[in-house]
Amino acid sequence: MKTPGFGLLALGLSVLLFAVQAQENYGSQDDPLVAEVLGTKVHTRDPSELRAVIIGKLADRYAAEQGIELKPEEIDAYTDSLRRVAEQDRRRQEARRAALTRELESKTLSGAERQSLSSELASLNEALATLDGFARSATEDQAAQRQVATAFIRQWKINRALYRQYGGRIIDQQGGPEPLDAYRTFLQARERQGAFRILNPAIEAEFWKYFQTDSIHSFYPKGGREEAQAFETPWWLLPTSEQTP
């Protein structure tokens with residue numbers, strides 16, 4: 001089972017935002033000052049938001065230190081892969097819809113069977129309508145699509161660099177593999193160096209809970225094939241049959 005939510009990979013979107021917000025204060029002045037990170041004072045009541053701000057700022061600096069850059073062809077490959085995966089999923093769902101329609105034409109179905117098949121067909125129609133909406137949005141706003149692709153690819157490269165530097169366990173996230181232990185070690189090192197400090201003990205405990213509570217994560221089996229290949233080839237460059245975004 002994948003860890004709920006997009007975890008730290010989704011923070012790539014936040015990183016883009018923070019990159020253009022050269023400011024000394026983050027958040028509403030009505031919220032308490034709970035942390036400082038790389039010269040920015042952070043005002044918030046939300047531990048998840050605090051985690052996003054701190055990691056976003058530190059990831060920016062780390063990417064610069066590591067020389068992490070993106071090429072236009074990498075973004076092209078990512079968006080092309082998303083389209084292929086979406087098309088493959090659509091074909092699968094359309095085939096299942098056709099099969100359900102044929103099954104519902106049978107005169108021998110019980111009431112319960114007909115209800116179950118009808119319910120599945122309604123869900124498929126809804127899913128296909130959602131895919132249509134995504135496809136239209138992608139066509140209409142390709143700039144936004146490329147911006148999202150940029151954030152995801154950049155975050156994958158940051159994750160790979162952190163894993164190669166610090167090692168540790170990897171968790172399975174909806175957005176891809178995430179080197180949980182590497183993030184914890186990285187953050188602890190940056191905290192000791194004075195890159196950030198959390199001023200509120202209660203929110204500090206919540207900040208670290210994500211990295212210290214194994215029960216909320218799904219880990220790749222230690223020493224397994226998934227772990228070994230997690231940061232070798234990004235999923236969008238794998239053969240279509242192996243892709244799992």
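Suppose we filter region 15-35 for residues that are at pLDDT 50 or above and surrounded by 19 or more Cβ atoms within 10 Å (Cβ to Cβ); how many remain?
So the answer is 4.
Just for region 53-112: of the residues that are closer than 15 Å to Phe152 by Cβ and of a type in the set (S, T, N, Q), which one is modelled with the highest pLDDT?
Thr79
Right, Tyr220: among the hydroxyl-bearing types (Ser, Thr, Tyr) and under 18 Å from Tyr62 (Cβ atoms) or not?
It is false that Tyr220 is among the hydroxyl-bearing types (Ser, Thr, Tyr) and under 18 Å from Tyr62 (Cβ atoms).
Among the numbered criteria (1) farther than 26 Å from Arg92 by Cα; (2) modelled with pLDDT of 90 or more; (3) within 15 Å of the chain's Cα centre (by Cα), which one does Ala161 miss?
For Ala161, the failing item is (3).
On the given criteria, is Asp132 of a type outside the set (Phe, Trp, Tyr) and under 27 Å from Arg92 (Cβ atoms)? Working first, answer last.
Numbers: of a type outside the set (Phe, Trp, Tyr): yes; under 27 Å from Arg92 (Cβ atoms): yes.
So Asp132 fits the description; yes.
Restricting to region 66-114, name every residue that is among the aliphatic types (A, V, I, L, M) and touching a residue at least 12 places away in the same chain (Cβ under 8 Å).
Ile68, Leu70, Ile75, Ala77, Leu82, Val85, Ala86, Leu100, Leu104
State the number of residues belonging to region 163-187 that are part of a loop (DSSP other than H, G, I, E, B) and of a type in the set (S, T, N, Q).
Qualifying residue count, region 163-187: 1.
Specify which of the listed residues (Thr79, Thr40) is of a type in the set (S, T, N, Q) and not assigned by TED's automatic domain parsing to the domain that holds Ala189.
Thr79
Condition first: under 24 Å from Gly39 (Cα atoms), in a loop (DSSP other than H, G, I, E, B) and either at pLDDT 90 or above or in contact with a Leu (Cβ under 9 Å, 6 or more places away or on another chain) (or both). Can you find one or more residues in region 197-215 that meet it?
yes
The values are calculated or read from the model by the stated rules, or taken from the named source; none is laboratory data. Keep in mind that this is a model prediction, so the values were computed, not measured. All Cβ positions, glycine included, derive from the backbone under ideal geometry; neighbour counts span all protein chains shown.
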